[in-house]
Amino acid sequence: MLNRRGLAGAALGLLLLAACAAGTPRDAKGDPLEALTVTTSSGEHRFMVEIADDEAERQRGLMEREPLADDRGMLFQFPDVAERGFWMRNTPSPLDIIYIDPRGRIVSIAKNATPYSDAVIPSNGPASGVLELRAGRADEIGARPGDRVSHPFFAE
């Protein structure tokens, strides 16, 4: 049985836990964002990303969404390694689409993809992951094919 001091301590603990959870950045579904780093010749560039790891999430992507902030993105995770192709259907903001191999190396980058376009943008090589960033961010951080993307999804 809790006495007053124990009850006050438990209440304080719950408040602190709630405050920590409230400070965690979350995606549109309320899931926590995950840290991802792109290492280029200009250094390490950190992003907080939403994860699209099932078919429904991958199909929806960033459709009908506000433009991404500079430090935000969406990481599409696929269960296999294959040629990939993305489009911009119902996506109002231009994006940089970065195709990534299973080891976290950038395969190719489609810069400034045209909003609302149904044109398929190919990976030009096998990829297991795709990172979408605000258009222009790949150039701003100096990202190039062969650069490294670090996230637990990719083998080190």
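The values are calculated or read from the model by the stated rules, or taken from the named source; none is laboratory data. Note that the coordinates shown come from a computational prediction; the quantities given were computed from them, not determined experimentally. Please note: Cβ atoms are built from the backbone with ideal geometry, for glycine as well, and neighbour counts cover all protein chains shown. Please note that ligands, DNA and RNA were not included when accessible areas were found on the heavy atoms of the full protein model with its side chains. Shrake-Rupley method; radii C 1.70, N 1.55, O 1.52, S 1.80 Å.
Quick notes
- Option label - P(r) over Cα pairs in 10 Å bins from 0, in percent computed here, alternatives (1) 11, 38, 29, 9, 7, 5, 1; (2) 10, 39, 36, 12, 1, 0; (3) 11, 39, 32, 14, 4, 0: (1)
- Each of A82 and S41 was given a label point 7 Å from its Cα along the Cα-to-Cβ line. The distance between the two points is 3.5 nm.
- For the stretch 87-156, alpha-carbon Rg over 2.2 N^0.38 Å: 1.08
- The residues of the chain expose on average 56 square angstrom of accessible surface per residue, using a 1.4 Å probe on protein heavy atoms.
- GNM top mover of R103, R65, R89 - the chain, alpha-carbon springs below 10 Å: R65
- With both labels modelled 7 Å from their Cα along Cα-to-Cβ, the D71 to V120 distance reads 3.8 nm.
- Backbone HN-Hα couplings from phi across the stretch 124-129 [Karplus 6.51/-1.76/1.60, Hz, Gly and Pro as x]: 6, x, x, 9, 10, x
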